[in-house]
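Written below as structure tokens is the structure these notes are about.
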Amino acid sequence: MADYTFKIQRFNPDKDKKPHYEEYTIPLEQTDRVLDGLNEIKWTQDGTLTYRRSCAHGVCGSDAMRINGRNRLACKVLIKEVGSNHITIEPMLGFTVIKDLVVDLEPFFEKYRSIAPYLINDSPPGETERLQSPEDRARYDDGTKCILCAACTTSCPPFWANKEFVGPAAIVNAHRFIFDSRDQGAEDRLAVLNTKNGVWRCRTVFNCTDACPRDIEITRAIEDVKRTLLFGK
Amino acid sequence: MAALQSSKLGNVAVLSKLYPARSHTGAAQGGIGAALGNMEEDHWEWHMFDTVKGGDYLVDQDAAEVMCREAVDTVIELEHMGLPFSRTPEGKIAQRRFGGHTKNYGAAPVMRSCYAADRTGHMILQTLYQQGIKNEVQFYNEYLVIDLLVNGDGQCCGVVALNLLDSEIHTFHAKAVFFATGGFGRIFKVTSNALALTGDGVIVAARRGIPLEDMEFFQFHPTGIYRLGILISEAARGEGGILLNNDGERFMERYAPTLKDLAPRDVVSRCMFQEIREGRGIGGKDYVHLDLRHLGRKVLDEKIPDITDFMRVYQGLEPERDLIPTHPTAHYAMGGIPTNFDAEVILDDKDTPMPGFYAAGECACVSIHGANRLGTNSLVDIVVFGRRGGKKMAEFMRENDLPALPPNPDGAARDLVDRLLHGTGTESVGAIRAEMQQVMFDEAFVVRNGAGLRKCADTIRGLKERYARAGIQDHSRTFNTDLMEAIELGFMLDCAELVAAGALAREESRGGHYREDFPTRDDVNWLKHTLAYLEPEGVRMASKPVTITRFEPKERVY
């Protein structure tokens, strides 16, 4: 056990005009998660501290936030990985802050819905499964890992500059269906991504790939879509 | 699944405490059982036998038959919806071995678990959410349901929910209500469950007079990551992983000569406990080792990539090289809101349904899991009974008018919220919760006894008295998670009380419920379901019979 100082951006719209920082010192083990630190503060020092969390092991996507300046899931970063006794925690950038570390995700899910994130195939499927070779299945595997945590989109400089940009998460999910051999909706999705707020706003910064807690090669997926738009599938 | 089915015929809204894609179904790893026979011969009757035997014969066999038969079509339907299953070389849905699943009525393990790497639950959740978007289901995200509305005619007519965003209380007036609210593993200190799994749905129903069925049966999964409780899927053993004690012995060979490490979860957890108690835990401590070293990098990275990642991230271990410290973790509630196999909620011991109220998944008790759920059957349960119940509810909605609301429908919910938000209580929610989790872990875990359970029940009663004087620090209206956690603690304390009462009442050992003072199964007195009524003066116990059709109870040997 050692003492760690969490410097956390706070904002309560019921009383604050703008955000400010508060510091808390708590004892933690090296192997604790940053989320354990937040819980410890909330449960023993300050119940007003507000953040989303659920599964606590990196699969539900609730607790994406900026940890020492980088988008991470608080439940997937161990204290020892932070490399310092001072940990700064701020909400993700680019969405309206509702309270403390909670941001408004409605615009994020609106972008997700815009690319028709569901299998489109109107032909009758028959009595058994549609066949798909392991190779065809592997073609879109990476994107299926997405947990919609928004860490990628909120780390993207073109998105910060222009909130109309559909963003990396929506493109990854479009990619997941465009390259699924069972799907017939690629044309419509590619049309959405070929507009001025589609893939062409991507500047290949790689922040999204760095931010992804599921290790999805997001920039590669975006490049895949760009290439398909230029040269076909 | 239920919303999808019913949205085709009616106007459906989904209320969810979390964004829907964050629900704990997404954490299910290993697969969904269905006798597709893609890898080797298999039959739904074999699946049914395994389910009944796995549940230590407390399974209602009519329901198990429905589930195992319909699992096949339901899995195919999920594939048609776009679920990205892993594939065989011929392009069919891939299947693998899983604990307690056998061929030919127990002869040998069978490959029945249909999987998408070790992210099967994630893929099911994503696919159903995607289909919900496609079918324009209306979602109310981050609404906490705190009351169930039942009118003077005994008809369910809606729910009352707290919108987390602004703390407004909303009454949803509906022809029918379907609960798929999950379990309550958070009553225990060590659990694989998400922080959100606090028993909201089951207790909202219980507080409206619905008895809860078989609450004493909780599954402790053998392979939780040491201390954290994060789950290492049974798929790790399905792919060939084995358990070792301090002597390096594969101890499961001694206890279950046929299925060995793939015996059902209750059996393996108890054996681990036994090894630890007899001093063969690693270094004399309270854990054993999971050995995956022989599986090779390809299997680790392709077949079980997420759990390989968990071991790297949370333990700093490389499963190709290191042994993995594991111990049992509270995983799954077999009990819950009683339903029939059309997901209609049952009110009493005579199979009387409550008009307009449905439930499926972990919050419900059909009962297809009996005293111990088989691996993969939780996912089978949610999709089969979600689908059946959704269809049944759609019919009900078509045939019935909107029922009258009871007077002052949101009164009880407002009282609850006002007491916590504006009250002057000083007892700490965090402290009460920690004490509850500790006593449930100490006295109501893998091994139980009468004295411990009495102590547990007394402690919970005391904590409930303190909870009546609980106060919170956040009094704001916006996104008040302090308030949410205080409400959730009330639900958890009621769950804990019901579990302890059921465990104390059931003087035998069966499936996940092991009493060291009554170490054997007692079919003469206890081949029956318990019903527990949550009443102000305490828990009132009743019972109802088990439905037995094809398979007479036998001794359970693996």
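The values are calculated or read from the model by the stated rules, or taken from the named source; none is laboratory data. Predicted model only: the values in this text are computed from it and were never measured. So basically every Cβ, Gly included, is an ideal-geometry build from the backbone, and we count neighbours across all protein chains shown. The accessibility values were calculated without ligands, DNA or RNA, using every heavy atom of the protein model including side chains. Shrake-Rupley method; radii C 1.70, N 1.55, O 1.52, S 1.80 Å.
The distance separating the Cα centre of region B:35-87 from that of region B:356-431 comes to 25 Å. Chains B and A together bury roughly 5100 Å² of accessible surface, counting both sides and using a 1.4 Å probe on protein heavy atoms.
With all protein chains in place and ligands, DNA and RNA left out, the 1.4 Å accessible area ranks A:D188, A:D16, B:D418, B:D214 as A:D188, B:D418, A:D16, B:D214, largest first. Note on B:K303: lysines with a C-alpha under 18 Å away, same-chain residues under 8 apart excluded, are A:K145, B:K92.
Annotation: peptides A:115-125, B:111-121, ranked by per-residue average of other Cβ atoms within 10 Å with the highest first, follow the order B:111-121, A:115-125. B:E465 exposes around 120 Å² of accessible area when a 1.4 Å probe is run over every protein chain in place.
A 1.4 Å probe run over region B:330-413, with the rest of the protein chains in place, finds 30 Å² accessible per residue.
For chain A, the solvent-accessible area of protein heavy atoms averages 41 Å² per residue (probe radius 1.4 Å; ligands and nucleic acids excluded). For the options A:T25, A:T44, A:T209, a Gaussian network treatment of chain A with springs between C-alpha atoms closer than 10 Å singles out A:T44 as fluctuating the most.
The solvent-accessible area of B:T25, taken with every protein chain present and a 1.4 Å probe, is close to 40 Å². Each residue of region B:172-178 is assigned a 3J(HN,Hα), and the resulting list reads 9, 8, 9, 5, 8, 10, 10 Hz, derived from the Karplus form 6.51 cos²θ - 1.76 cosθ + 1.60 (θ = phi - 60°), x at Gly and Pro.
The angle between the Cα long axis of helix B:429-443 and the longest principal axis of the Cα atoms of chain B comes to about 40 degrees, rounded to the nearest 10. Taken residue by residue and averaged, Cβ atoms of other chains lying within 10 Å of the Cβ of B:116-124 number 2. Within the full protein context, the accessible area of B:K392 is estimated at about 60 Å² for a probe radius of 1.4 Å. Which of A:V82, A:A174, A:I26 sits closest to the plus end of the dipole of chain A, meaning its Cα is farthest towards the positive end, when Lys and Arg get +1 and Asp and Glu get -1 on the C-beta? Of the candidates, A:A174 comes out farthest on the positive side.
Each of A:P91, B:L463, B:L144 was placed along the dipole of the protein assembly as shown (beta-carbon charges, centred on the mean Cα), and the one lying farthest toward the positive end is A:P91. When you restrict to C-alpha pairs under 8 Å that are six or more residues apart and normalise by the size of region B:283-332, the relative contact order lands at 50 percent.
What number, in percent, do you get for the relative contact order of region A:141-223 if the mean sequence gap of Cα pairs under 8 Å and at least 6 apart is divided by its residue count?
RCO, region A:141-223: 38 percent.
Each part gets one Cα centre, and for region B:262-325 versus region A:162-177 those centres are 38 Å apart. At a threshold of 50 Å², the residues of region B:16-49 that become less accessible to a 1.4 Å probe in the full protein assembly than in their chain on its own are B:Y19, B:R22. Taking a ≥ b ≥ c as the square roots of the Cα gyration tensor eigenvalues, with a/c under 1.5 meaning rounded and otherwise prolate when a/b beats b/c, else oblate, which class fits chain A? Here chain A falls in the prolate category.
Adding -39500 (n - 2.57) for every DSSP H run of four residues or longer, then dividing by how many residues chain B holds, sets the calculated 222 nm ellipticity at -11000 deg cm²/dmol.
Counting, for every residue in B:187-197, the Cβ atoms of other protein chains within 10 Å of its Cβ and taking the mean gives 3.
Across region A:30-42, rounded Karplus estimates of 3J(HN,Hα) from the backbone phi angles (6.51 cos²θ - 1.76 cosθ + 1.60, θ = phi - 60°) give 4, 8, 5, 8, 4, 4, 4, x, 4, 4, 4, 5, 5 Hz, Gly and Pro being marked x. Packing here is the average count of other Cβ atoms within 10 Å per residue, and on that basis the peptides B:189-196, B:65-72, B:549-556, highest first, run B:189-196, B:65-72, B:549-556.
With a cut-off of 8 Å between alpha carbons and a minimum separation of six or more residues, what is the relative contact order of chain B in percent? Relative contact order, chain B: 22 percent. Remark: for residue pairs A:K99/B:K189; B:K53/B:K189; B:K17/B:K175; B:K8/B:K392; B:K350/B:K544; A:K15/A:K163, the C-alpha separation exceeds 18 Å in A:K99/B:K189; B:K53/B:K189; B:K17/B:K175; A:K15/A:K163. For the residues of A:170-179, the average number of beta carbons from a partner chain within 10 Å of their own beta carbon is 1.
Which percent of the accessible heavy-atom area of chain B goes to carbon and sulfur, probe 1.4 angstrom? In chain B, the share of accessible area belonging to carbon and sulfur is 48 percent.
For the protein assembly as shown, the square roots of the Cα gyration tensor eigenvalues, ordered a ≥ b ≥ c, give a/c below 1.5, which places it in the rounded category. Phi angles of region A:179-195 translate, via the Karplus equation with coefficients 6.51, -1.76, 1.60 and θ = phi - 60°, into HN-Hα couplings of 9, 8, 4, 8, 8, 10, x, 4, 4, 5, 5, 4, 5, 4, 7, 9, 8 Hz per residue; Gly and Pro are given as x.
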